[in-house]
1. Cut-off is 10 Å between beta-carbons; in what order do A:121, B:42 appear when sorted fewest neighbours first?
2. I need B:68, A:21 ordered by Cβ neighbour count within 10 Å, fewest first.
3. For chain B, take the alpha-carbon Rg, divide it by the Kirkwood Rh, and send me Rg/Rh.
4. If the reach is capped at under 16 angstrom between alpha carbons, list the lysines near residue B:159, excluding any in the same chain fewer than eight residues apart.
5. Send over the per residue convex hull volume for segment B:4-86, Cα only, as a whole number of Å³.
6. When the convex hull of the C-alpha atoms of segment A:63-143 is computed, what volume per residue in Å³ does it have?
7. Determine the calculated [θ] at 222 nm for the protein assembly as shown from helices alone, applying -39500 (n - 2.57) to every DSSP H run no shorter than 4 residues and normalising by the residue count; nearest 500 deg cm²/dmol.
8. Could you tell me which of rounded, prolate or oblate describes segment B:352-410, using a ≥ b ≥ c as the square roots of the eigenvalues of the alpha-carbon gyration tensor, with rounded for a/c under 1.5 and, failing that, prolate when a/b is larger than b/c and oblate otherwise?
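Throughout, read-outs are computed from the coordinates displayed, never taken from laboratory work. Since the model is a prediction, treat every value here as computed from it, not as a measurement. Cβ: placed from backbone, ideal geometry, glycine included. Neighbour counts: every protein chain shown.
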Amino acid sequence: MTAELDNDYAVRLSTEQVAQLAELLRGDGLRTLQFDTVKGRFAVTLGDASATPVTDAPAIGAETVCAGSVGEFLTSYPSRGEPLVRPGAEVAPGALLGLVRTGLVFAPVTLAADDPRPATLTRILVPAGTLVGYGTPLFEIQRH
Amino acid sequence: MFRTILIANRGEIAVRIMRACRQMDIRTVAVFSEADAGASYLRLADRAVCIGPAPTQRSYGDPAVILLAAEATGAEAIHPGYGFLSENAEFARQVEEAGLAFIGPPSHVIAMMGDKIAAKRAMLAAGVPCVPGSDGALPSDPAALQALAAEIGFPLLVKAAAGGGGRGMRVVDRAADLQGAVALTQQEAQQFFGSPEVYAERYLRTPRHVEIQVMCDKHGNAVWLGERDCSSQRRHQKLLEETPAPGIDRDLVRQVGERCVAACQQIGYVGAGTFEFLFEDGQFNFIEMNTRLQVEHTVTEAVTGRDLVQAQIRVAAGESLPWRQDEITSTGHAMECRINAEDPVSFAPSPGRITRWNVPGGPYVRFDTHMSAGDTVPRHYDSMVAKLIAHAPTRAEAIRAMDGALAELQVEGVLTNRSLHRRILADPDFRAGGVSIHHLETRLAHWRGETTERLDDRRVG
């Protein structure tokens, strides 16, 4: 079982409380419990912890930027602590948003340049360090 | 032993490999394409990761993305299953170069067996009986070509050296047609397999397809695990397989099995392999070797009681073969029906969402599948959705058990070939045993006629 907290840790629960939630899910034959707060989303998922990366679902109709390859999702260069981009930032087409690391290879994740409009990065959907696959939504954006 | 194995495949064989790994306490990484996203069988893996879009060449068939996924997930070994990259020597080489274990033979052995001329030479050297034919590529000189053809005898088969699986070959009935047929096959061979080399063999008219299963380790140990009769085919696609092959002298099978083991030891073979033969007039004739696990390995597992996938993993990890030849015995008779999501009359694929999925069980029955109600059969891949295996003390009982199990299988949402299998089981020639590779096609043509007649009757009525 995993408990996913959003990047601002808006939801704080003790491990006992998480375990209780998991017990409730199991009893009701459910797999996932998820709820939204002002600051983000909280999800408890039963079963194979790593079977599929637990991603924060993008808002309905929102545009997303997805991973193009398999690897570890990074929001900053490993040698620098500074994130490449933060939620709320304005980003230009072609801008580097994140990286997907596989071994020694760092594949860039960029804002598609086929749409010339800049955008605001509204949310990062996956915690840095998560194993992501082809097509995993990583960023939620809002075009201007 | 490996801690994590990446399964570079999909569907029922991915599940089969996951089961073996679970028995061995090995973690599994499943890879999937967008077409398989959400498939229920992926939950059986410890980890599942999407590697690309639906087309094979950008997902299951792309060596680069498979290697990336292995690197990203920390897998130490890759099991290729069957199909896709399983017999791709270049992929095996890349896996070896990346410092990972390829669960199969060394890449240079795959390359040798992929070259049908080199493979045949190796078999002749090891004393494996082969179809009489040219020693190597055909000569370009017309007179020499005709002389060679006369020596082999007509009808003969012109085959692409790099071909296989029934592709890239042409039957020549008389000397006058030879030159043209060779030129055409060379052209096709260049186009489809990237090499114009062709060779010739005597064409057998009504052979059976009988194959020998082998397993070898890295220490020079090798065993053979009986044979399989896979003569029930349609367009070179096997539909129903069984073991033992009905009516073939056991001593002859043993002799051929021992020759196969000797060949493996000579070429430095490692892992599971299958020697395919055409059997006619009481003789085995080698056609090609498959350097991977076969779909129909299940019937061998049934009669020998041995887990072939676990053994593949053990020998790839450097362990010695888990069995000696004198420990391999065969009990009873086993049969496998490939359940495909397709129209049983037109054979058109029938992709879609499965709404009902009731599977057979009970004594003598094994059912290997990756499907559940609610799952989707994607249109992008092979249409096989399950393998139904019956293992009983006698062939007659195995047929009866299989028919009962087929009757129990209830699938809705997609069409399946279940009824076709029941028809085959009821066919008197099949029941007698020992039909040739052309038998099913002949029967199908006959049955199609009957179906049309019945439809016509209905229209008139």
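1. Numbers: A:121 21, B:42 24.
Arranged by neighbour count, lowest to highest, A:121, B:42 become A:121, B:42.
2. Working: B:68 24, A:21 17.
Result, fewest neighbours first: A:21, B:68.
3. Working: Rg = 22.2 Å, Rh = 23.2 Å.
Rounded to two decimals, Rg over Rh is 0.96.
4. Straight-line reach from residue B:159, under 16 Å: B:116, B:120.
5. On the way: hull volume 6.2 nm³, N = 83.
Spread over its residues, the Cα hull of segment B:4-86 gives 75 Å³ apiece.
6. Working: hull volume 6.5 nm³, N = 81.
That works out to 81 Å³ per residue.
7. Values: 15 runs with 180 residues, N = 605.
For the protein assembly as shown, the value works out to -9000 deg cm²/dmol.
8. Verdict is prolate for segment B:352-410.
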